[in-house]
Amino acid sequence: MNETILVTGATGHTGGHVVRQLHERGGVTIKALTRDPAKAEFPEGVLAVKGDLSDPASLDEALEGVTKIFLVWPTMFAERSPGVVIPELAARARRIVYLSAGGAETNDDPDNASHGRIEQLIRQHAQEWTFLRSGGHMSNDLGTPVPADGVVRGPFLSWARSQIHPRDLAAVGVRALLTDDLLNTATPMLTGEELMTGAERIQVVAELVGRPVKSVEELAPEEAREWFLAWVPPEDVDAVMATMKEVAARPEPVVPAVREILGRPATPYREWVLDHLPAFVEPTAEGVGLAFVSLVNRGESAAVTRHLMASGQVSGPVEGPYLRAGDDRFAVRFTAESAVGLYTVRDGRIVAEERFSTP
């Protein structure tokens, strides 16, 4: 029987990986839910369908013919009518694989309580279900590049977390969608295999992009409150800070569930950073030049070619970068080749390379 799978959160980190992995495997019809199909980019053959989980009436066409659903729900501060929507999803599809969270069964903070309520609704209404209970996602670190002055400031940077790559979460989700291996179960907590503080993760980024960390400074409570106000509703910020203070005092567990389910180790944090390199590199000649030299000398030439260079390949060791104020170019010396490379940068990419032999 040909399965039709609806992926919600399809333009997000985990949902996007689910779409791509299902597409790579083939053999199923994939519908990707999005509020604006015209702006969404999916692999060829994936059906972009319009819909919004906050508007049950908008889902009717998207659910047509669907047999299974990968469900990402905007739980935190946005429980948009799950009591209406989830019974409808369960009535239309045989199986729901829900991206939940570790601790959903304990209801020990607002986000976990929200996930717990969603899980309860799915248990009540769905024929088949799987809950992917995860720890922190590595994608939560996007948007935190190393400052040019090397001084890193932020809240709760001493909290040790075992973050997971969204690609690994998606791989477990795809297994739950395509096999019965995880049928009607809540997974053990899905985590990475490294326990790292915020400061340690920033150090990994710093090494890869060539921006040394000079100091790490925890924000004072009032400064931290302003930081959270940038993305948390004002009426919830105090509760969030209180919860963060409590959980940050406890390191997250490292659980081998990804290895046990997929038969391979969880993806290291370093690899996730390389997957998302442009988010951490300043789009200037200096920023690209620093990353270029650091990555090449660390043996990450593939990442340089994939993310920084419009064409061509490069190998080390190199010296530099050599920069001139206000210029859009940087130079490096290829020590093994007795050559100098001159690279022109536009919008964070190397668009031209010139090489000159040296005596």
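Here ILE86 does not fit the description of being surrounded by 14 or more Cβ atoms within 10 Å (Cβ to Cβ) and modelled with pLDDT of 95 or more. Counting only helices (runs of 4 or more DSSP H) that fall entirely inside the range 221-324 and contain at least 1 residues that are farther than 19 Å from ASN140 by Cβ and out of contact with any strand residue (DSSP E or B) (no Cβ under 7 Å at 6 or more places or on another chain), the qualifying elements are 221-229, 237-247, 257-262, 285-297, 301-307.
Among the residues of the range 25-36, is there at least one that is touching a residue at least 40 places away in the same chain (Cβ under 8 Å) and surrounded by fewer than 21 Cβ atoms within 10 Å (Cβ to Cβ)? The answer is yes, given that some residue of the range 25-36 is touching a residue at least 40 places away in the same chain (Cβ under 8 Å) and surrounded by fewer than 21 Cβ atoms within 10 Å (Cβ to Cβ).
Total residues in the range 188-215 satisfying the condition of being over 18 Å from ASN140 (Cβ atoms) and either among the basic types (Lys, Arg) or modelled with pLDDT under 90 (or both): the figure is 2.
Suppose we filter VAL293, VAL258, VAL288, VAL232 for residues that are under 20 Å from the mean Cα position of the chain (by Cα) and at pLDDT 95 or above; which single one remains?
Numbers: VAL293 fails: under 20 Å from the mean Cα position of the chain (by Cα); VAL288 fails: under 20 Å from the mean Cα position of the chain (by Cα); VAL232 fails: at pLDDT 95 or above.
Just a single option satisfies the conditions, and that option is VAL258.
In the set (1) farther than 30 Å from GLN127 by Cβ; (2) touching a helix residue (DSSP H, G or I) at 6+ places or on another chain (Cβ under 9 Å); (3) surrounded by 13 or more Cβ atoms within 10 Å (Cβ to Cβ), the condition left unmet by ARG264 is number (3). Taken over the range 187-207, the residue count meeting the criterion of being within 18 Å of the chain's Cα centre (by Cα), among the aliphatic types (A, V, I, L, M) and more than 20 Å from ALA101 (Cα to Cα) is 3.
Inspect all residues belonging to the range 3-23 and state whether any of them is more than 23 Å from the chain's Cα centre (by Cα) and surrounded by fewer than 19 Cβ atoms within 10 Å (Cβ to Cβ). So that I can check it myself, show each step before the final result.
First pass over the range 3-23, keeping only residues more than 23 Å from the chain's Cα centre (by Cα): 3-4.
After this cut, where a residue has to be surrounded by fewer than 19 Cβ atoms within 10 Å (Cβ to Cβ) as well, the list is 3-4.
The answer is yes; a qualifying residue exists.
Among the conditions (1) surrounded by fewer than 16 Cβ atoms within 10 Å (Cβ to Cβ); (2) of a type in the set (S, T, N, Q); (3) touching a residue at least 60 places away in the same chain (Cβ under 8 Å), GLN163 misses just one, which is (1).
Out of ARG153, ARG133, ARG117, ARG123, which single residue is closer than 18 Å to GLU193 by Cα and not in a loop (DSSP other than H, G, I, E, B)?
Details: ARG153 fails: closer than 18 Å to GLU193 by Cα; ARG117 fails: closer than 18 Å to GLU193 by Cα; ARG123 fails: closer than 18 Å to GLU193 by Cα.
Residue meeting the stated conditions: ARG133.
Of the numbered criteria (1) within 17 Å of ALA126 (Cα to Cα); (2) modelled with pLDDT of 95 or more, the one TRP73 fails is (2). Scanning the range 194-207 for residues that are part of a helix (DSSP H, G or I) and either charged (D, E, K, R) or in contact with a helix residue (DSSP H, G or I) (Cβ under 6 Å, 6 or more places away or on another chain) (or both) yields GLU200, ARG201, VAL204, VAL205, GLU207.
The values are calculated or read from the model by the stated rules, or taken from the named source; none is laboratory data. Remember, predicted model here, so these are calculated numbers, not experimental data. Neighbour counts are summed over all protein chains in view; Cβ atoms, including those assigned to glycine, are modelled from backbone coordinates with ideal geometry.
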